[in-house]
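The values are calculated or read from the model by the stated rules, or taken from the named source; none is laboratory data. Every value quoted in this text rests on a predicted model; they were computed, and no experiment measured them. Because the Cβ atoms are built from the backbone with ideal geometry, glycine has one as well, and the counts that use them run over all protein chains shown.
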Amino acid sequence: MKAIAISAAIILSLGMAPCAKANGVIDVITANTDGITPQPNVHIRTYDSLNALVADGYSDMLGMYMVSLTPGIYREHFSKIGFEDREIGNIIVADNETTHVRIVIGFWIPCHYVVGDVNGSGILTGLDVTYSIRYFKGGPHPPYSCECTPGNTWYTSGDVNASCTFDALDVTYMVRYFKGGSPPAPCPSCPPTP
């Protein structure tokens, strides 16, 4: 009988142990240079206030990443091959709260061009449509190319429909633009830099 009472006392004392602090969440959204298009596969490392690595992961196909942490102040480092590294500090995590973080991961290799300026004249005109048609029929290639995504060099100025390729659909888009259609739009992964 005495042994049962001791066991019950041990069980009661275990039940009265202080509860651990509830975790908070850092909810991250990674976006491309345009600030809208999701940036998948961004390597995200989270450090605590003592600079110790506490979480290590990657953004998903929608550019999202979530980590549950004990309350405190954190720093996150963002990296992706071919893109500029970024960092955000002083991220406060509180009990049972979600801290939202949005980061733009921009392409690091600058592309200096004018959208639609296929012939290299410095502006988009009807002559760029003609130049593009000649190119696709075996004529001279555009004078400017850029490495847009590592290892992928192409004629970025010819992409006017934001498809991240230069093809016959861009010629159709240019013609439509000159007839009052939508304005030219660059590849979101490598917008032109001034």
For segment 121-152, the count of residues that are in a helix (DSSP H, G or I), in contact (Cβ under 8 Å) with a residue 24 or more places away in the chain, under 12 Å from V175 (Cα atoms) and not hydroxyl-bearing (S, T, Y) equals 4
Checking the conditions here, which among T165, T149, T156, T172 is among the hydroxyl-bearing types (S, T, Y), within 14 Å of V114 (Cα to Cα) and not assigned by TED's automatic domain parsing to the domain that holds T37?
T156
Hey, can you tell me all the residues within segment 175-194 that are out of contact with any helix residue (DSSP H, G or I) (no Cβ under 8 Å at 6 or more places or on another chain), assigned to a loop (DSSP other than H, G, I, E, B) and under 11 Å from V114 (Cα atoms)?
P191, T193, P194
Quick check on my filter: what residues within segment 153-174 are part of a helix (DSSP H, G or I) and within 29 Å of E84 (Cα to Cα)?
T156, S157, G158, D170
Scanning segment 75-100 residue by residue, the ones that are modelled with pLDDT of 90 or more and under 14 Å from the mean Cα position of the chain (by Cα) total 3
So which pairs qualify, if the first residue must be in segment 47-74 and closer than 22 Å to D95 by Cβ, the second must be in a loop (DSSP other than H, G, I, E, B) and of a type in the set (S, T, Y), the Cβ gap must be under 7 Å, and the two must be at least 6 apart or on different chains?
Y65/S59; G72/S49; I73/S49
Hits in segment 162-181 (condition: hydroxyl-bearing (S, T, Y) and more than 25 Å from the chain's Cα centre (by Cα))
T172, Y173, Y177
Working only within segment 139-188, note down all residues that are among the small types (G, A, S) and more than 18 Å from G120 (Cα to Cα).
G151, A162, S163, A168, G180, G181, S182
